[in-house]
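The values are calculated or read from the model by the stated rules, or taken from the named source; none is laboratory data. What you see is a predicted model, and the numbers here were worked out from it, not measured in a lab. Note: ideal-geometry Cβ built from the backbone for every residue, glycine included; neighbour counts use all protein chains shown. Keep in mind that these areas ignore ligands, DNA and RNA; they rest on the heavy atoms of the full protein, side chains included. Shrake-Rupley method; radii C 1.70, N 1.55, O 1.52, S 1.80 Å.
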Amino acid sequence: MPRATLPEDYRRHVTAALAALNVRNLVLSIHDPSFPSVPGEDLGRGSPYSEGGMRFLEFTRELGFNGIQLGPQGQTSEDNASPYDGTLFSRNVLNVALASLTHEESWGGLLRPERVRTLVASRPGGGEPRAKHRYACRAQSEALEEAWSTFQHKRAQATPGSAITWLAEHFDTFRREHHEWLERDALYDALCTEHGRPYWKEWPSEWDRRLWSPRAGEVAPFAQRRQVLLAKYAGQVEAYAFRQFLVHSQHAALRERTVAWGLKLYGDLQIGFSPQDAWAYQGLFLGSYLMGAPPSRTNPEGQPWNYPVLDPGQYHAPNGALIDPDIPIPQPGPVLWFMASRVNKMLSEYDGLRIDHPHGLVCPWVYRAGELDALRAVQNGARLFSSPDLPEHPELARWAIVAAGQLDRSVPRYADGAVRELNAVQVRRYSALFDAIIAAAHAHGRKVSDLLCEVLSTLPHPLQRVIDQYGLGRFRVTQKADLTNPRDVYRSENAVPADWIMLGNHDTKPIWALADHWRQAGGARAQADYLAWRLHPEEEGREDFARRLLGEPGLLVQAKFADLFVSRAENVMVFFADLLGMKETYNAPGTVSEENWSLRVPNDYRREYAEKLQAHGALNLPLALALALRAGGEEARARHQGLIAALERLATALQRG
């Protein structure tokens, strides 16, 4: 299969196997920079909207995936490539596929082909499969500035019915529909330049620092200041809007393709805020606290995220105003309107959403802002709504939903069981932000099951109650499973149908690197014994199966994939590095490195994937599915005998190349 298509019956048998195993969603997880490129378009960073990105998505569909989980797609800076620090409304213009802009019939020839060729040729050499983020930022900026200049020139001379006229009309419509967030984000860039500071808190002008957050009695002068700035920077604001129009248009084109392919597209509802959003919406935040991650199994020391915390006092309208006098539901306040506008925009652009760190929406862990030792501050933080009487955090008492008697003082206050019990009214109060997401999902015709809750090792009782009321599950990351603890949350046998199960994610080591570590450190035997117990239900022959897993390189990992499919979880997610047999880490949490967020799919991925399959060095999906079906026992094997044989035939064909 080095460069050929898969057998004609491949997808049919894979689809049948997924149905037999009660797997509704098989989703590939990949972030924008990681997409491959085709010759002539590679600036050192991938994009799902490029030709290379589209071809890779088609490849994943051929393999049997029916969904794609993207990362956050907001604008990032040259100094910070983390998508989780990107903008909430503006899209990342690094994703604009420049080669497409050279087409006269669709984009009016906004870029000259030779300009794109020059930028591609100037890309820093070698180093695949890593993104060249800084170069891509500068090259993309130059190219989009040229595209804007070309558009302005051609628009002035456009004739009715031309591609440029069509673009101009749609651009005007886009600006009208999205003017609020376009103006905010565009002015942020303009003011960074005006003040010579890249971060708003460093600007010398208090007026500009609080441009969108006037105090009582300041509304009129601040509105006047905004109008002055919009007039002063009208050209920059329009250019910013044009770049956003390009990337939004290309995203819409991607959705048309994925719908036609039967691929669901999932967005990522990040918990954090970019500097642009922290500036624009600062009036919605608690000024004295920040959000972070408490000490946990995933991060034993905790993590000071430095993200602002939405003000609970602005969740609902003041003075107890109700939506209906006969219904005790308060009217939404500024925070809930903000959340609704954000989620509504995302659900108009995706088929489903991953909810990043949902505890940050339900029971955020907060710590004092301005502390010199942020790590110590987060370690001594508290739950925003679960701290009725903490001497070191007396300010939080006003936001407490629980009473002191509902707390378990024998465990750390960050422990899952720190809140012992809740009544139904308290659950609804914890659920305020979550309810806004659910309401938006219903309004856009989505099912609750189209929402993914990234619950990892931390599941506080309030969050458990909130997701239970909607029938939502958690993430089960099986590479982290404690094989000595039968009740461990990451073991596949503990998954329930609503869960999402996976070997790893963007913050873990690839399973192939971990398997090497197991073999070197002596952990492979325990993995083989566990997998033999899961995949070989009969005791007779189980030890031989375990020895086979140990003896054949790569087969142990194929069995780890099979373990996902034998669980009760109806949703399976695979990170792209695990699919392709890559051993490099995508992101090392809690570290700052140029290598973070930079791992890419090799441009020659079809050949490399085919070669790795020959040594069980990449996911052989038919093999994993066959192993999972065999694990159902004698009756299941008899019922699916023909399907198992077909899958094993396909698996052998893939391995032989």
What base-10 log of the normalised intensity I(q)/I(0) is obtained for segment 232-308 from the Debye formula, alpha carbons as equal point scatterers, at q = 0.15, 0.21, 0.24 Å⁻¹?
-0.87, -0.99, -1.08
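Give the calculated FRET efficiency between T484 and T298 to the nearest 0.05, with a Förster radius of 22 Å applied to their Cβ-Cβ distance.
Details: r = 18 Å, r/R0 = 0.84.
So the FRET efficiency works out to roughly 0.75.
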From highest to lowest solvent-accessible area (probe 1.4 Å; ligands, DNA and RNA excluded), V23, V411 read V411, V23
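When the chain is fully extended, how far beyond the present Cα-Cα distance does V496 get from S288, taking 0.36 nm per residue of separation?
On the way: separation 208, 0.36 × 208 = 74.88 nm, distance 3.95 nm.
Taking V496 through S288 to full extension adds about 70.9 nm, to one decimal.
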Per 5 angstrom bin, beginning at 0 and ending with the bin that holds the maximum distance, the Cα pairs of segment 332-383 fall in percents of 4, 16, 14, 19, 16, 12, 12, 6, 1
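Output the antiparallel fraction of DSSP beta bridges having both residues in the chain, as a percent to the nearest 5. Don't jump to the answer; show the numbers that get you there.
Values: 18 of 42 bridges.
Once the DSSP bridges in the chain are tallied, antiparallel ones form about 45 percent.
Could you work out how much longer the chain between D389 and E635 gets when fully extended? Use 0.36 nm per residue separation minus the Cα distance between them, nm to one decimal. Mind dumping the intermediate values first?
Values: separation 246, 0.36 × 246 = 88.56 nm, distance 5.82 nm.
Stretched fully, the D389-E635 segment lengthens by 82.7 nm.
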Grab the other residues whose beta carbon is less than 11 angstrom from that of Q270, score K and R as +1, D and E as -1, and report the net.
-3
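Which whole-number value in Å² is the accessible area per residue of segment 482-582, probe 1.4 Å? All intermediate terms of the calculation are to be shown ahead of the outcome.
On the way: 3840 Å² over 101 residues.
Result: 38 Å² of accessible area for each residue.
What helices does the chain hold that run 30 Å or longer along their axis, going by alpha-carbon atoms, with a Kyte-Doolittle average of -1.0 or more, using DSSP H for the helix calls?
Taking the DSSP H segments of the chain (at least 30 Å long, mean hydropathy at least -1.0), we get 234-261.
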Please calculate the 1.4 Å probe accessible area of K154, with all protein chains present, and give it to the nearest 10 Å².
60
If we sort 108-118, 563-573, 464-474 on the protection proxy, mean other Cβ atoms within 10 Å, highest first, what's the order?
563-573, 464-474, 108-118
Cut-off 15 Å between beta-carbons: net charge of the residues surrounding G313, Lys and Arg +1, Asp and Glu -1
0
Please give the net charge around A440, taking every other residue with its beta carbon less than 14 angstrom from that of A440, where Lys and Arg add +1 and Asp and Glu add -1.
0
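Express in nm, to one decimal, how much length is gained between R548 and R420 on full extension, taking 0.36 nm for each residue of separation and deducting their alpha carbon distance. Can you show the working numbers first?
Details: separation 128, 0.36 × 128 = 46.08 nm, distance 4.63 nm.
Here the segment from R548 to R420 would lengthen by 41.4 nm.
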Over the Cα atoms of segment 168-278, what radius of gyration and what Dmax do you get, in Å?
17.1, 55
With N denoting the number of residues in the chain, provide Rg(C-alpha) divided by 2.2 N^0.38 Å, to two decimal places.
1.01
Quick one: accessible area per residue over segment 1-88, 1.4 Å probe, rounded to a whole number of Å²?
32
Setting aside same-chain residues fewer than 8 positions from K447, which lysines have a Cα under 23 Å from its Cα?
K264, K345
For the charge dipole of segment 452-534, defined by +1 on Lys and Arg C-beta atoms and -1 on Asp and Glu C-beta atoms about the Cα centroid, which residue among S457, W500, L531 has the Cα displaced farthest towards the positive pole?
L531
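Which whole number of Å³ per residue matches the convex hull of the alpha-carbon atoms in segment 233-361?
On the way: hull volume 25.0 nm³, N = 129.
About 194 Å³ per residue, rounded to a whole number.
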Distance between segment 193-247 and segment 343-412 - C-alpha centres, whole angstrom:
31
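When the gyration tensor of segment 13-59 is built from Cα positions, what are the square roots of 5 times its three eigenvalues, in whole Å, from largest to smallest?
30, 11, 6
When you have a sec, figure out the Kirkwood radius of segment 322-444 from all distinct Cα pair distances and drop it here in Å to one decimal? Provide the component values of the computation, followed by the final result.
Numbers: mean 1/r = 0.0607 Å⁻¹.
Result for segment 322-444, one decimal place: 16.5 Å.
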Rg in Å to one decimal, and Dmax rounded to a whole Å, for segment 359-413 via C-alpha atoms:
11.2, 34
Calculate the FRET efficiency for S341 and E238 from the Cβ-Cβ distance with a Förster distance of 25 Å, rounded to the nearest 0.05.
0.65
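Report the FRET efficiency, 1/(1 + (r/R0)^6), for E180 and A526, where r is their Cβ-Cβ distance and R0 is 51 Å, rounded to 0.05. Working shown, then result.
Details: r = 55 Å, r/R0 = 1.08.
Computed FRET efficiency for E180 and A526: 0.40.
How long are the semi-axes of the ellipsoid equivalent to segment 1-147, from square roots of 5 times the Cα gyration tensor eigenvalues, in whole Å, largest first? Show your work: numbers first, answer last.
Details: eigenvalues 197, 71, 41 Å².
The three semi-axes for segment 1-147 are 31, 19, 14 Å.
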In segment 260-283, whose amide N lies under 17 Å from the spot 7 Å out along Cα-to-Cβ of A443? List them in ranges.
none
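Carbon and sulfur atoms: what percent of the 1.4 Å accessible area of the chain do they account for?
Answer for the chain is 51 percent, counting heavy atoms of protein chains only.
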So what is the relative contact order for the chain, in percent, with contacts set as C-alpha pairs under 8 Å and at least six apart?
15
Viscosity 1.567 mPa s, temperature 4 °C, Stokes-Einstein D of segment 397-525 from Kirkwood C-alpha radius, µm²/s:
76
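Label segment 473-598 by shape, choosing from rounded, prolate and oblate, from the square roots a ≥ b ≥ c of the eigenvalues of the Cα gyration tensor; if a/c is under 1.5 it is rounded, and otherwise prolate applies when a/b is larger than b/c, oblate when it is not. Walk me through the numbers on the way to the answer.
Details: a/c = 2.04, a/b = 1.34, b/c = 1.53.
The shape class here is oblate.
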Nitroxide proxy distance, nm - points 7 Å out along Cα→Cβ at R55 and R112:
2.7
Return, ordered by residue number, the residues of segment 582-599 whose backbone nitrogen is under 11 Å from a label point located 7 Å along Cα→Cβ of D516.
582-585
Expressed as a percent, the portion of alpha-carbon pairs in segment 82-230 spaced more than 27 Å apart is 41
List the residues whose amide H sits under 5 Å from the amide H of V574, counting only those 5 or more places along or on another chain, with H placed 1.01 Å from N in the peptide plane.
V27, L28, S29
note: segment 521-560, Cα-Cα separations exceeding 11 Å make up a percent value of 57
